[in-house]
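The values are calculated or read from the model by the stated rules, or taken from the named source; none is laboratory data. Values in this document were obtained by computation on a predicted structure and should not be read as measured data. Glycine gets a Cβ as well: all are built from the backbone with ideal geometry, and neighbour counts include every protein chain shown. Each accessible area value is taken on the protein alone, full model and side chains, heavy atoms only, with ligands, DNA and RNA left out. Shrake-Rupley method; radii C 1.70, N 1.55, O 1.52, S 1.80 Å.
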Amino acid sequence: MQPMAMNPAGQWFEQAPQAQRVVQYTSMSVTTDPPRDYIIWSLCCFLYSNPCCLGLAALIFSIKSRDRKMAGDVEGARHYGSTARCYNIISSVLAGILVLVFIIILITVTT
């Protein structure tokens, strides 16, 4: 026998059976890209543009970042990689400025 319910007008009617609700849980695995270590850029800065030993510092932090990545410490690798990137940017900009200054001095001396 189906349950009875009362509508707003005060009349009784048979209530339809309630459907069972099924809750479904899904799990998603989010893969993140491994942190970058900028080792090639650091090697180029170390070999070709090493003002104030910033290329050496960038290379050291790149190696530390690679070591942390191999050890499984993603946050440590990301931190060292970010530091290496900053040193690489500063080293590249300073090397560019030094090349421009050298070219300007060379042009002014030869004319």
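Tabulated values for the structure
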| read-out | value |
| --- | --- |
| Restricting region 28-46 to residues that are in a helix (DSSP H, G or I) and surrounded by 13 or more Cβ atoms within 10 Å (Cβ to Cβ), the residue that is farthest from the chain's Cα centre (by Cα) | PHE46 |
| Filter pass, SER49 being among the small types (Gly, Ala, Ser) and open to solvent by 30 Å² or more (accessible area, probe 1.4 Å) | no |
| Scope region 69-111; condition outside any helix (DSSP H, G or I) and surrounded by fewer than 11 Cβ atoms within 10 Å (Cβ to Cβ); matching residues | GLY72, THR111 |
